[in-house]
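The values are calculated or read from the model by the stated rules, or taken from the named source; none is laboratory data. Computed from a predicted model, the values in this text were never measured in an experiment. When we count neighbours, we look across all protein chains shown, and the Cβ atoms used for this are built from the backbone with ideal geometry, even at glycine.
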Amino acid sequence: LPPDRMDTEGYLKRRNSVIPRSLSLSYNRPIVMQRAAFQYMFNHRGDRFLDAYNNIMLVGHCHPKVVEATSSVLSRINTNTRYLYDEILDYSERLLGYFPPSLSRVFIVNSGSAATDLALRLSKAYTGKNKVLALEHGYHGNTLAGIEVSHYKHKEGESYPNTLVCPMPKIFGKGYPDDGTAGRHYAELCRTLLESHPKEVGAFIAESIMGCGGQVPLPQEFLSEVYNMVRRQGGVCISDEVQVGFGRLGSWNWGYEKYNVVPDLVILGKPMGNGHPIGAVVTTEEIASVFDAGPEFFSSFGGNPVSCAAGDAVLRVLEDEGLREHARATGDYLKKCFEDLGSNFSSIADVRGDGLFLGIELSDPMGRPNTQLARELKNRLREEHILIGTDGPDDNVLKIKPPLPFNTENCDELTSHMARILKKHNAS
Ligand code: PMP
C-alpha cells in the first residue's frame, strides 16, 4: 500500500473497533486531519486543504482571538450558572443586541440539538399544545424530540403522530414554479394541515434557509403567512438559525430577517462558539418565564464562563473584521462565478443562496437529479485538496458554506477546479 493509504487504513481499523459505524466519514478517501487555520486545514503530512464547507468555523479555524479568550478563562475559572460572573452577562447582553427588543431572554446550552429540545419544551409548556408543524426534509437535532420534528431523519414507515409535515417549500426542480406565488401556495398547504388538527399545533419550526434539504431558501411570504396562521390558532413560531446564523448570509444576521418576520423562539448553535460546543434559545420574556415556577431549569455546562468567552470573542471578531460585509461581497462574487459556470455546463441546474451559504443543484440531461455527478465532484475536489459537501433529498446539491475569511482568490481556486473536473466529465 502507498504510505497515505497505509496510515488511513490504520486509523480506520482503530476507529471501527471503538466508534459505531453509524458515524459517517467524509469522502471515499477519508482524511487524517491534524491542524487548521482560518479557511485552511492540514492533514498529518502537512498538505493544505481549502475548506469551502465548514460553517461552524465562522470566523476561521482556530482564530487566535477566540483561542486566546477561551483559554484565558479556562485557565482562570470554569463554573456554572448558579454563581454570578461577568462572562455570561457580557455575552448575553452582546448577543441579545443582535435581536429585536421582543427577544430579550437567552438560555445557553451546549449544542443545536439541546437548543431545539429546549425550544420545543418551552413551546409546549407555553401553549399547552403538543403538535408541531415542521417542514419536509428539515433537520433540527438528534434528541428524541429533535428527531420527531426532523423529517430528514424519518425512515420510511415510521410514524410521528405529533408532527405535521408541510412539503418542502422549494421553488426549483420538483418544487413550484418561480412565479411569485410559491410562498402563498405552500402556506395554503400548511393551512390545510393546521385545519385538519384544529387548534392543536403548539409550534411551527423551520430553518430559515434549509440546510440538509439542499440549501433551499424559503419563498417570500411563506413564513409571514404561516407565522400568522400558527399564531392565530394559539401556537408559537421557532426559527432554526443553527446553520445560517451569525452573519453568514451577508445581508442579515439571521435568516428570518430575509422574510421580514420576527419569531417567538430562535435556535442557535454551530458557529456560535467557532467550534466550541455552545448553543442557545433566544426568546421572549413571557415564554422564558414558563419555567419560573419550577422545576428549576439547569444545564451543567450551558452558559459556563469558558463557552461564553468563546461566544463573545466570535461576535467581537465578526464586528472587528467586518466579516458579515465580507461574506456578502465574497458571496456575491462566488455566486456569480457559479452562475458563469452554469452557463457553460448544463449539469449546473440551479445556483442559490445568500452570502457564503450557497447551493449548486446538479441535473442530468433529462433534468433528473444528478447524484452521481455530485459525488464525483465532491470526491475529485477532495483529491485536489478542496473540501465541499453534498446534501438534499437526492444528494445532488453541492453545499458551499466556508469559514467567513474565505476570499475571492479562494473562490477562483474552487470554481476553476470545478470547471476542470466538469470539462473532463463531459469529455469522458
Ligand atoms: N438544526 C440545524 C439546522 C442543524 O443543521 C443542526 C446540525 N446539523 C442542528 C439543528 C443540531 O445541532 P447539533 O449538531 O449542534 O446538535
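If you go through region 151-161 one residue at a time, do you hit one that is under 30 Å from G294 (Cβ atoms) and surrounded by 18 or more Cβ atoms within 10 Å (Cβ to Cβ)?
Within region 151-161 (the criterion being under 30 Å from G294 (Cβ atoms) and surrounded by 18 or more Cβ atoms within 10 Å (Cβ to Cβ)), the answer is no, since none of the residues qualifies.
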- When residues of region 360-375 are limited to those that are charged (D, E, K, R) and assigned to a loop (DSSP other than H, G, I, E, B), the one surrounded by the most Cβ atoms within 10 Å (Cβ to Cβ): D364
- Message: So in region 78-113, with the set limited to residues that are within 16 Å of the ligand (Cβ to nearest atom) and closer than 20 Å to S289 by Cβ, which one is surrounded by the fewest Cβ atoms within 10 Å (Cβ to Cβ)?
- Response: F107
- Task: Return yes or no: is K378 in a helix (DSSP H, G or I) and either under 26 Å from N43 (Cβ atoms) or assigned by TED's automatic domain parsing to the domain that holds V216 (or both)?
- Result: yes
- Message: I'd like to verify a number: residues in region 234-256 that are under 27 Å from K129 (Cα atoms), crowded, with 18+ Cβ neighbours inside 10 Å, more than 16 Å from the ligand (Cβ to nearest atom) and not β-branched (V, I, T), how many?
- Response: 1
- Mind listing whichever residues of region 210-230 are outside any helix (DSSP H, G or I) and within 16 Å of the ligand (Cβ to nearest atom)? M210, G211, C212, G213, G214, Q215, V216, P217, L218
- Note on the structure: Of the conditions (1) modelled with pLDDT of 95 or more; (2) away from the ligand (no atom under 15 Å from the Cβ), the single one that H140 does not satisfy is (2)
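Can we say A125 is aliphatic (A, V, I, L, M), away from the ligand (no atom under 11 Å from the Cβ) and farther than 25 Å from T390 by Cα?
Values: aliphatic (A, V, I, L, M): yes; away from the ligand (no atom under 11 Å from the Cβ): yes; farther than 25 Å from T390 by Cα: yes.
Considered against the rule, which asks whether it is aliphatic (A, V, I, L, M), away from the ligand (no atom under 11 Å from the Cβ) and farther than 25 Å from T390 by Cα, A125 comes out as yes.
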- Message: Can you list residue pairs whose Cβ atoms sit under 9 Å apart, with the first residue in region 374-402 being without any contact (Cβ under 8 Å) to a residue 24 or more places away in the chain and the second being of a type in the set (V, I, T) and part of a strand (DSSP E or B)? Count only pairs 6 or more apart in sequence or on different chains.
- Response: R375/T390; T390/V397
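Which of the residues that make up region 108-120 are closer than 15 Å to M272 by Cβ and touching a Gly at 6+ places or on another chain (Cβ under 7 Å)? It would help to see each step written out before you state the result.
Going through region 108-120, the residues closer than 15 Å to M272 by Cβ turn out to be 108-116, 118-119.
I108, V109, N110, S111, G112, S113, A114, A115, T116, listed by residue number.
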